[in-house]
Structure formats: structure tokens, C-alpha cells
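Take a look at the structure below.
Values in this text are rule-based calculations from the coordinates and carry no lab data. For clarity, every value in this text was computed on a predicted model and none was experimentally measured. Neighbour counts run over all protein chains shown; Cβ positions are idealised from the backbone, glycine included.
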Amino acid sequence: MGEGGNGDSRDKDLLWYESMPDDWSWELLWSGYIRCMCGGIRTIDLEAKCGACGKTWVEVEPAPLVMRDTDGHELSLEPDFAGGEGRYEDWVYLRMLEREWRRPVDADLYGSVPENSRPSARAIVVLVFWSYFETRIGRLFRETTKAVPGQVMDHLLERHSSVGARMDRLYRVVFSSTYRADLNDLGYGRVASLLKQVEQCRNKFTHGQPEAINDALVEELVAGLKDEHEAWIAVFNKRLRESREQSAMLSA
């Protein structure tokens with residue numbers, strides 16, 4: 001970002017997706033992250049500390065793997081690392097969200113419906129996002145509770161099948177907290193408020209009030225999508241760190 005002048009002022013006003021390079025897509029939300037040796041999600045900044053283990057990359061980077069070929073020559077293979085938890089379904093969801101956001105709006109889509117009963121023409125953005133968010137909440141439990149037998153976690157997730165129950169009741173059972181409390185503790189209070197609003201409006205939409213998802217909500221959600229991603233990563237690392245600490249205490 002340039003310094004000074006009107007251009008700098010305009011850049012500061014750009015939303016995250018407006019400041020992307022032209023040839024990038026929304027899956028960039030997972031770019032710049034790798035999985036740490038501890039299992040946490042860290043940035044590729046070599047001097048930054050992992051949010052889960054608290055170590056810099058230099059402290060955890062494994063040595064190259066040395067192998068010998070059939071002629072006895074040594075080959076040094078640099079370690080390879082998985083991306084920062086972004087998966088195929090993430091790519092699909094983010095592509096869907098971007099497509100629906102960029103799709104030309106049909107202003108007459110609900111023209112015959114009274115104005116105060118019309119949902120946003122882009123309401124699908126909120127519905128797709130909530131499904132995407134649900135997959136990451138399930139993943140959060142599975143990836144940060146490795147000490148819990150898989151069948152037990154399967155039962156708990158099946159018993160608490162809705163994302164709302166997982167963020168609250170199941171979260172209390174497993175972590176003695178709530179997802180929103182974690183967000184607030186980590187400084188993501190605005191994300192916590194946004195998720196609460198999205199959940200409430202999405203539930204109203206599915207129970208006979210489609211107008212609950214309006215243009216303002218869609219725009220606020222898209223504007224906050226990058227912060228929401230970063231917040232999820234922060235919670236993931238927090239829960240992984242505490243799980244590792246508890247396991248260490250039990251094995252001591």
C-alpha cells in the first residue's frame with residue numbers, strides 16, 4: 001500500500017476482497033498459512049510464533065531428510081508441509097460464495113412481493129456461508145480433541161447436530177466455554193456479534209421469514225469474511241494449545 005496522497009486514502013477504504021490482485025480468488029483466505037509441527041495453524045512468517053505452541057518456525061522446522069541413491073550419493077530433501085487447514089470443500093464453498101456475490105443482481109427477482117417481505121436477492125450468500133461455517137465448527141472439534149476416542153466424538157457431534165448447539169452446549173461439555181466466549185476472549189467480539197446475527201436471521205429465514213436476510217446482512221457478512229476466517233484460526237489454535245497442555249499434565 002502506498003504512502004500519502006489520495007490513493008492511500010482510497011486503499012484504506014477498500015474491503016478485503018477489493019484489494020486482492022486481479023487474478024486471485026476468495027480462496028486466498030487460506031493462503032499464507034501452513035500447519036505447524038504441533039498441529040496448529042501458523043503464518044509463513046518465519047519470525048512469527050505459532051498460536052498453538054508459541055514457537056517460531058526456526059524452532060520447529062525439521063531437518064532435511066537425507067537419503068542415498070543406488071550409487072551412494074546423498075540426496076537432501078527439504079520437508080514439505082500441508083496448507084493451513086484449507087480443504088477441498090473450503091475451496092468449493094469460497095468459490096460458491098464469490099460467484100454468488102459477484103453475480104449480477106436481478107432487481108426484479110422479488111418485484112411482486114411487498115417490499116417489507118422481500119429477502120435479499122443475494123440471500124444465498126448467507127445460506128452457503130452458514131453451511132461452510134458448520135463444516136469448520138465440526139472440524140474444530142475433531143482436530144483439537146485427538147485425545148477423545150473417535151467414536152465418542154462422533155456420538156457427541158451426532159447428538160448435537162446443529163451448529164448452534166455445537167457452539168454452545170457441546171462447546172460447554174468439551175471446552176467448558178462457548179465459541180462466542182472464545183471469540184470475545186481473543187479480541188474478536190465483532191465477529192461474535194456478526195455470527196449471532198447471521199445465525200438468528202438464517203433461522204428466521206428457514207422458519208417462514210425470508211425477509212430476515214436482507215441486503216445489509218449480506219454486505220456485512222461478506223465484508224467480515226476475512227476477519228471471521230482469522231478468528232476461527234485463532235480459536236482453533238487456542239483449543240489445540242489447551243488440549244495439548246491437558247494431555248501433557250495427564251501424562252506427567
The chain: angle of helix 88-102 to the longest principal axis, Cα-based, in degrees nearest 10: 30 degrees
Compute the angle between helix 225-251 and the longest alpha-carbon principal axis of the chain, please, reported from 0 to 90 degrees and rounded to the nearest 10. 40 degrees
Note down the net charge around Cys50, summing +1 for each Lys or Arg and -1 for each Asp or Glu among other residues with Cβ under 11 Å from its Cβ. +3
Which one of Val148, Ala192, His229 has its Cα pushed farthest toward the positive end of the charge dipole of segment 87-251, where Lys and Arg give +1 and Asp and Glu give -1 at the Cβ? Val148
Size of the dipole of the chain about the Cα centre, Lys and Arg at +1 and Asp and Glu at -1 on the beta carbon, nothing else charged, in debye to 20? 1260 debye
Taking H as built 1.01 Å from N, whose amide H comes closer than 5 Å to the amide H of Ser120, not counting residues under 5 places away? Ile213, Asn214, Asp215
Nearest 10 degrees, 0 to 90: helix 189-206 Cα axis against the chain principal axis: 50 degrees
Out of residues 5 or more away from Thr56 or on other chains, whose amide H comes under 5 Å of its own, with H placed 1.01 Å from N in the peptide plane? Cys50
Only one of the values (1) 147; (2) 120; (3) 206 was calculated from this structure for volume of the Cα convex hull per residue in Å³; name its label. (3)
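What does the net charge come to around Arg244 if you take all other residues with beta carbon closer than 13 Å to its beta carbon, with K and R at +1 and D and E at -1?
On the way: positive: Lys55, Lys146, Lys238, Arg239, Arg241; negative: Glu143, Glu242, Glu245.
After counting each charged neighbour, the total is +2.
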Of all lysine pairs in the chain that are eight or more residues apart or on different chains, those with Cα atoms under 16 Å apart total 5
Using θ = phi - 60° and the Karplus curve 6.51 cos²θ - 1.76 cosθ + 1.60, what whole-Hz ³J(HN,Hα) does each residue of segment 42-58 get, with Gly and Pro shown as x? 10, 7, 7, 5, 5, 9, 6, 8, 5, x, 9, 9, x, 10, 6, 4, 4
